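Student: Quick one: the structure is below, questions incoming.
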Amino acid sequence: MSQASPSFHAAFPPRHDWALEEIEALFDLPFNDLLFRAQQVHRTHFDANAVQVSTLLSIKTGACPEDCKYCPQSGHYNTGLDKEKLLEIDKVVEQARAAKQAGASRFCMGAAWRSPRERDLTVVLEMVRRVKALGLETCMTLGMLDNAQAERLAEAGLDYYNHNLDTSPEYYGDIITTRTYADRLETLGHVRHAGMKICSGGILGMGETPRDRAGLLQQLARLDPHPESVPINMLVKVPGTPLENVADLDPLDFVRAIAVARILMPTSHVRLSAGREMMDDATQALAFLAGANSIFYGDKLLTTENPQVERDRDLFGRLGLHPERIDTCRDDAAQQALLDDAMIRRRTDDALFYDAAGVH
Ligand code: SAM
Ligand code: DTB
Ligand code: SF4
């Protein structure tokens, strides 16, 4: 059974008042107990074998004025990256069409900006309209937004805005000095006020403590409503960035964080985000078991490598996972239809990733 009865459903309502100690206690559970709890929550709200599939494109690369210590695109560090101006609209639409044909249901466009300038925003708004017209969900991450910018993006049809909290408020100042945690929360407020869905998460493996991991998830869970999408990134250590030699995070601690995110934000999509290229299949399988139900799909993230599409298709096949359709809702009838559909699609392996955006 993939989804439980309504009474069981009510057993895991979203909460926004998690105490740090409660979250730390979840992290401290025996691994099997934590994963069991995360599975219970996951199956209450989602088809446990459906994974939302997004494809990323960097629409403006490098020379960013911000000093985020993890980021290959910061102009403060020499990472040997080829910088690129804002891409032409037609090129972006071409990439979006290819992503849809490969099976993505959402197209995420990222720009290495502190915040968008007026003349760039005009171009970006047209990108949103054109990509949306393909029948894809749209997401952008352009840095800080003011209220008016958020409203214009929403009017153009932008579905999601990605803006990460990245880490705990306490560790944040060790990672970024050019904008504050409050700045980030303010942008998320503008995005919500404009009526867009929020994609916000963080990065693990930056030398943070277990308490910082709990603190990040606490901050995300305090957002009311919870972010619809919560990307959990494993740091991609890029030579030339200040974090290139930071100690590896135990993959099991990464999986624990996914499980805790699932429990804290029961109705959000939790994305197994950057860092999959360095993960073995078993770690990814554990992350899905812990409640991750979204990935970036396509050979590249923004500037670094992501698993090849063939590897992901193979992994989905071996795990019996299928891409989530964008037009699904969470009532039982729709859930059953989704499952029936998945059964049929699983029989035709080649079609597994074909046009997950559905009817368009
Ligand atoms: N400039 C915009 C901003 O920072 O809001 C958008 C692009 S920025 C690259 C988007 C997110 O990518 C960051 O907030 C960070 O969480 C993630 N990211 C950047 N470099 C990363 C790395 N090396 N490893 C993992 N995640 C990374
Ligand atoms: C997010 O949380 N992760 C993505 C997306 N949001 C924009 C970015 C990951 C970037 C990894 C480093 C790179 O490829 O440049
Ligand atoms: Fe710029 Fe975003 Fe990279 Fe920070 S994470 S340096 S804001 S591109």
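Student: Counting only heavy atoms of the protein chains, get the accessible area per residue of the chain (1.4 Å probe) and round it to a whole Å² value.
Tutor: Accessible area per residue, the chain: 41 Å².
Student: How large is ³J(HN,Hα) for each residue in the stretch 120-135, as worked out from phi by the Karplus curve 6.51 cos²θ - 1.76 cosθ + 1.60 (θ = phi - 60°), to whole Hz, x for Gly and Pro?
Tutor: Once rounded to whole Hz, the list reads 6, 4, 4, 5, 4, 4, 5, 4, 4, 4, 6, 5, 5, 5, 6, x.
Student: Among Asn162, Asn233, Asn78, which one shows the highest mean-square fluctuation when the chain is modelled as a Gaussian network with alpha-carbon springs under 10 Å?
Tutor: Asn78
Student: Continuing with this model, one more query. Per q in 0.15 Å⁻¹, report the Debye log10 I(q)/I(0) for the stretch 36-185, using one uniform scatterer on each alpha carbon and no solvent.
Tutor: Normalising to I(0) and taking log10 leaves -0.89.
Student: Let me ask another. Need the full-extension length gain, Asp174 to Asp33, defined as separation in residues times 0.36 nm minus the C-alpha distance. One decimal, nm.
Tutor: 47.4 nm
Student: With runs of 4+ DSSP H residues as the only contributors, calculate the mean residue ellipticity of the chain at 222 nm using -39,500 (n - 2.57) per run, divided by the residue total and rounded to the nearest 500.
Tutor: Working: 13 runs with 151 residues, N = 360.
Using -39500 (n - 2.57) per qualifying helix, the result is -13000 deg cm²/dmol.
Student: On a straight-distance basis, which aspartates and glutamates could pair with Lys91 in a cross-link, Cα separation under 13 angstrom, same-chain partners fewer than 8 positions away excluded?
Tutor: Of all the aspartates and glutamates, those that pass the test against Lys91 - Cα under 13 Å, at least 8 places apart if same chain - are Glu126.
Student: Place +1 on the Cβ of every Lys and Arg and -1 on the Cβ of every Asp and Glu in the chain, take the dipole about the Cα centre, and give the residue among Leu145, Leu26, Ala38 whose Cα lies farthest towards its positive end.
Tutor: Ranked along the dipole, the leading option is Leu145.
Student: Rounded to the nearest 10 Å², what accessible area does His269 show when all protein chains are kept and the probe is 1.4 Å?
Tutor: Here the accessible area works out near 30 Å².
Student: Under 20 Å from a label point 7 Å along Cα→Cβ of Ala25: give me every residue in the stretch 192-233 with its amide N that close.
Tutor: 210-222
Student: At R0 = 22 Å, how high is the FRET efficiency between Arg129 and Glu84 if r is their beta carbon distance? Nearest 0.05 is fine.
Tutor: Efficiency for this residue pair is about 0.50.
Student: About its Cα centre, what dipole magnitude does the chain give when the only charges are +1 on Lys and Arg Cβ and -1 on Asp and Glu Cβ, stated in debye to the nearest 20?
Tutor: For the chain, the charge dipole is close to 600 debye.
Student: I'd like the projected area of the chain, averaged over all directions, using the convex hull of its alpha carbons. Report it in nm² with one decimal.
Tutor: Here the figure is 16.4 nm², rounded to one decimal.
Student: What ranking, highest mean first, results for peptides 299-306, 149-156 when packing means the other Cβ atoms within 10 Å averaged over each residue?
Tutor: On the way: 299-306: 17.8, 149-156: 19.2.
Taking the mean over residues of other Cβ atoms within 10 Å, the ranking is 149-156, 299-306.
Student: Can you give me the three principal axis dimensions of the stretch 246-308 from its C-alpha atoms, in Å, biggest first?
Tutor: 31, 26, 21
Student: Next up: Taking the DSSP beta bridges in the chain as the whole, what percent of them are antiparallel, to the nearest 5? Mind showing how you got there, number by number?
Tutor: Working: 2 of 35 bridges.
The antiparallel fraction comes to roughly 5 percent.
Student: Among the listed pairs Lys69/Lys300; Lys85/Lys300; Lys69/Lys132, give every one whose C-alpha distance is greater than 30 Å.
Tutor: Exceeds cut-off: Lys69/Lys132.
Student: Got a number for carbon plus sulfur as a percent of the chain's accessible area, 1.4 Å probe?
Tutor: Working: 7820 of 14940 Å².
C and S atoms contribute 52 percent here.
The values are calculated or read from the model by the stated rules, or taken from the named source; none is laboratory data. It should be emphasised that the depicted structure is a prediction, and the values quoted were computed from it without experimental measurement. Quick reminder, even Gly has a Cβ in these numbers, built from the backbone with ideal geometry, and neighbours come from all protein chains shown. Ligands, DNA and RNA are excluded from the accessible area calculation, which covers all protein heavy atoms including side chains. Shrake-Rupley method; radii C 1.70, N 1.55, O 1.52, S 1.80 Å.
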